[in-house]
Amino acid sequence: MSTKYDYDLFVIGAGSGGVRAARIAAGHGARVGICEESRVGGTCVIRGCVPKKLMVYAAHFAEDFEDARGYGWEVGESRFSWPRLIGAKDAEIDRLNRVYLRLLSDAGVTLYQQRGSLAGPHEVQLGETTVSAGHILIATGGRPWKPEIPGIENAITSDEVFHLDELPPRVAVVGGGFIACEFAGIFNGLGSRVTQIYRGDAVLRGFDSDVRRVVSSELRNKGIDLRLESDVGQIEKLDEGLRVELRDGEFLDVDQVLYATGRVPNVRGLGLPEVGVEVRADGRVVVDELSRTSVGHIHAVGDVTSRVNLTPVAIYEGHAFADTVFGGKPRPVNHEFVPSAVFSQPPVGTVGYSEEEAIHHVGAVDVFLSEFRPMKHTLSGRNEKMLMKLVVDRASQAVVGIHVVGPDAPEIVQGFAVAVKSGLTKDRFDSTIGIHPTAAEELVTMRNPVRSHGRGMK
């Protein structure tokens, strides 16, 4: 390693991808510095996936109490305390923050708890201090985006939602993606009256059409007032609460408006264009398969590149970057068939192509589909459907897509993702004996396609 610079590597952003890159690079013998203007751990740990899923667990107990009666339990009066949930959540996030701090310390990485920006091709400005580095990694993630409409300052985003003083009785959730569907379910489960507003014709744009159909239906089935093909025109602050004016002229009076209309790369003020780093109009840092930007010694990983905006992807990219640059093991990242989940209620697990994508990429495909009531609800009486779907490349017989909606869907798909990534064929699924009684066995027992596309359609 060169002694020309203060550090061999300096990382701007101590989220999941940045911390992993820093630790692995240090393990390869590099002198590493890292900075973070917020709390170490990043969006996922501090104000994203982890606290969100804890709140999903909390919201689901309302249904669990109801379902217990179908199994002979007499459940007494239940009461929910928002402050107790937030206090417990904060304690767990504090613990994880300490874990991340310890991981950096144990790896010998120098942490600067302040904002960093590029002061030159090899220089990072940290307040009044400037440090130099042979390589610089941009890992600043994303930030919530809100449209410029009248009264938007009265709305909150996913950054603020975890720190509300009390549970709002009436909530408008604007958006139809991961975050919007998840928080609509959280607030609904905890007892708020929820209106979800989305301009599309079904939630979860980009997901398989059957997944979108089932989730849209189940959100309504659970009591959420889902307004599709609708949008907000303005938000007015009242003496008590907020008034949301929809573009069709209708008004909604609520106590809180949560905007979950997407995230954009967090690149403001980093000084990237000034040193020659190519940044697209949407803020995305342009990188190659080895996470190199247009300036060879400056790299970027995670949501700031908008390749696949998922925490495990950022971690994988960070690890691959460190192995490539400091471990002597070039590791391009393959972003094909990355599994993902939506912790909506019911949850979604998916890997591979949607039916629509498969038709485009593969051509001739067979679709296997099963919709049924989960076994648990045969006694609980809950009217909830589960979806299992396989998309098969007819020519190779490879299973190129799996989509599940229902209890434990993310856990199910995580295991089956190995099969899809490995290119297993439908006959390998058919020859696998299922575990009975489980929902997941449907994925190895479906024999007849419900529809086919391409040449030789059945």
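The values are calculated or read from the model by the stated rules, or taken from the named source; none is laboratory data. Please read these numbers as outputs of a predicted model, since none were measured by experiment. Here the Cβ positions follow ideal geometry from the backbone for every residue, glycine too, while neighbour counts run over all protein chains shown. SASA here: full protein model, heavy atoms, side chains in, ligands and nucleic acids out. Shrake-Rupley method; radii C 1.70, N 1.55, O 1.52, S 1.80 Å.
Any idea how many residues of the range 148-174 are over 17 Å from CYS49 (Cβ atoms) and either without any contact (Cβ under 8 Å) to a residue 24 or more places away in the chain or not hydrophobic (A, V, I, L, M, F, W, C) (or both)?
Looking only at that region, the number is 10.
Could you grab me the full set of residues in the range 65-75 that are open to solvent by 50 Å² or more (accessible area, probe 1.4 Å) and not basic (Lys, Arg)?
PHE65, GLU66, TYR71, GLY72, TRP73, GLU74
So in the range 381-406, with the set limited to residues that are closer than 19 Å to THR350 by Cβ and at pLDDT below 95, which one is surrounded by the fewest Cβ atoms within 10 Å (Cβ to Cβ)?
LYS385
Could you tell me which of the residues ALA133, ALA119, ALA68 is touching a Ser or Thr at 6+ places or on another chain (Cβ under 9 Å), part of a strand (DSSP E or B) and at pLDDT 95 or above?
None of the others qualify; the one that does is ALA119.
Name the single residue, out of those in the range 76-87 being part of a helix (DSSP H, G or I) and open to solvent by 60 Å² or more (accessible area, probe 1.4 Å), that is nearest to VAL161 (Cα to Cα).
The qualifying residue nearest to VAL161 (Cα to Cα) is PRO83.
Could you look through the range 275-297, keep only residues that are open to solvent by 40 Å² or more (accessible area, probe 1.4 Å) and not in a loop (DSSP other than H, G, I, E, B), and pick out the one that is farthest from ALA322 (Cα to Cα)?
It comes out as VAL279.
Give the range 416-437 a look and list any residue that's of a type outside the set (Phe, Trp, Tyr) and either touching a strand residue (DSSP E or B) at 6+ places or on another chain (Cβ under 7 Å) or modelled with pLDDT under 95 (or both), or say none.
Selection gives ALA417, ALA419, VAL420, GLY423, LEU424, THR425, LYS426.
If I ask for residues that are open to solvent by less than 30 Å² (accessible area, probe 1.4 Å) and out of contact with any strand residue (DSSP E or B) (no Cβ under 8 Å at 6 or more places or on another chain), which ones from the range 303-317 would you list? Break it down stepwise before answering.
We begin by selecting, within the range 303-317, every residue open to solvent by less than 30 Å² (accessible area, probe 1.4 Å); these are 304-305, 313-314, 317.
Across the range 303-317, the qualifying residues are VAL313, ALA314, GLU317.
Would you be able to tell me the number of residues in the range 325-336 that are open to solvent by less than 40 Å² (accessible area, probe 1.4 Å) and under 16 Å from PRO312 (Cβ atoms)?
Number of matching residues: 1.
Somewhere in the range 44-64, is a residue open to solvent by 60 Å² or more (accessible area, probe 1.4 Å), touching a residue at least 24 places away in the same chain (Cβ under 8 Å), at negative phi and assigned to a loop (DSSP other than H, G, I, E, B)?
Checked against the condition, which is being open to solvent by 60 Å² or more (accessible area, probe 1.4 Å), touching a residue at least 24 places away in the same chain (Cβ under 8 Å), at negative phi and assigned to a loop (DSSP other than H, G, I, E, B), the range 44-64 yields no hits at all.
What residue, among those in the range 141-186 that are among the polar types (S, T, N, Q) and assigned to a loop (DSSP other than H, G, I, E, B), is surrounded by the most Cβ atoms within 10 Å (Cβ to Cβ)? Give the steps one after another, and end with the answer.
In the first step, residues of the range 141-186 are kept if they are among the polar types (S, T, N, Q); the result is 154, 157-158.
Those still in the list that are assigned to a loop (DSSP other than H, G, I, E, B) too: 157-158.
Numbers: THR157: 17, SER158: 23.
Only one residue tops the list, namely SER158.
Can you tell me which condition LEU272 does not meet? The list is (1) open to solvent by 50 Å² or more (accessible area, probe 1.4 Å); (2) at pLDDT 95 or above, and all the others hold.
(1)
If ASN154 passes every condition in (1) in contact with a helix residue (DSSP H, G or I) (Cβ under 7 Å, 6 or more places away or on another chain); (2) farther than 24 Å from GLY141 by Cα but one, which one does it miss?
(1)
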